[in-house]
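J.: I have a structure I would like to understand better, so I am pasting it below and will then ask my questions one at a time.
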Amino acid sequence: MKRRLPFFARVSAALLALAVFACLLAPPAVVAAPEERRAELLYQKEGGEPRRGGEAMVFGRHARLDVQLGKAGLFTLLVDGEAGKMQVLSQRLKGYVESRVEGEGRSWRELVRSASAVLMPQTLGMVSFEEKSYRELGRESVEGYEALKSRCVFSLGFMGSYRDITVDVWEGEAFAPFPLKVAVLDDKSTQGGAAWLEAVQPLKEGRDAFLLPAGYTRFGSVLDLILYALSAL
């Protein structure tokens, strides 16, 4: 039986997943300009059935990812590559946190490093998350799109206890800065799984979908946002 991560480690992993997921697969046909698309986000645990987990949108250098974080409700990641910032929104609380994006905001690894730099200090040293290795594995076709496949090993620590998480990632321009596909490799300490996109459609909402809604309250930390969302049940 695989051991469950402690609460803070699970929250941290979920939020980093929100920044990455870390996890999109483009469909076989191009139905809109590459920079103006939306699609459903599906995920599948090892041995389980595919489930809908949210949706993703891209519009030029703007990107949006909506993900259900269990009982905490629907959270949204807004990436503004032009302004060099990203925002995490709790739709339940109508609250958000804002931080800077490392680099140009066109790479999933930049999002991971940016999210980690903000989130890890907020755990008061109890949780750590860092990239241990990165190796390119060549180019492959992912449902009709050319993608660079790579293998990353991340180290997730909780109060001095560490485990490695190995992830295969397929990235391209179809949904940058999000990957086209992500697969977590199953091992003795980590449950495997994958996530991808389906039902890609032209983006109809326009740029307004990538702006912070009026009336949202700014929070000081992502953990506060999560904890208040849980307490609002």
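J.: What are the residues whose amide H is under 5 Å from the amide H of ASP187, where those residues sit 5 or more places off or on another chain and H is modelled from the backbone?
T.: GLY192
J.: I need the shape label for region 116-185. Rule: rounded when a/c is under 1.5, else prolate if a/b > b/c, else oblate, with a, b, c from the alpha carbon gyration tensor.
T.: prolate
J.: Next question. What dipole magnitude, in Debye to the nearest 20, does region 50-121 give about its Cα centre under +1 on Lys/Arg Cβ and -1 on Asp/Glu Cβ? Kindly include the intermediate steps, with their values, before the conclusion.
T.: Numbers: 12 positive and 8 negative charges, 63 e Å.
The calculation lands at about 300 debye.
J.: Going by the alpha-carbon gyration tensor, a ≥ b ≥ c the square roots of its eigenvalues, is region 152-233 rounded (a/c under 1.5) or, if a/c is not under 1.5, prolate (a/b greater than b/c) versus oblate? Let's see the in-between values first.
T.: On the way: a/c = 2.54, a/b = 1.17, b/c = 2.17.
Verdict is oblate for region 152-233.
J.: What pairs in LYS132/LYS181; LYS71/LYS188; LYS45/LYS181; LYS45/LYS204 have C-alpha atoms more than 25 Å from each other?
T.: Among LYS132/LYS181; LYS71/LYS188; LYS45/LYS181; LYS45/LYS204, the Cα-Cα distance tops 25 Å for LYS71/LYS188; LYS45/LYS204.
J.: Using per-residue counts of other Cβ atoms within 10 Å, averaged over each peptide, order 191-204, 86-99 from highest down.
T.: 86-99, 191-204
J.: Let me ask something else. Would you mind telling me the share, in percent, of accessible area of region 115-233 contributed by carbon and sulfur at probe 1.4 angstrom?
T.: Here carbon and sulfur together make up 51 percent of the probe-accessible area.
J.: Okay, moving on. Residue by residue through region 77-82, what is 3J(HN,Hα) from phi via Karplus (6.51 cos²θ - 1.76 cosθ + 1.60, θ = phi - 60°)? Round to whole Hz and write x for glycine and proline.
T.: Once rounded to whole Hz, the list reads 9, 10, 10, 10, x, 5.
The values are calculated or read from the model by the stated rules, or taken from the named source; none is laboratory data. These figures come from a predicted structure and were not determined experimentally. Neighbour counts run over all protein chains shown; Cβ positions are idealised from the backbone, glycine included. In case anyone asks, the SASA skips ligands and DNA or RNA and just uses the protein heavy atoms, side chains included. Shrake-Rupley method; radii C 1.70, N 1.55, O 1.52, S 1.80 Å.
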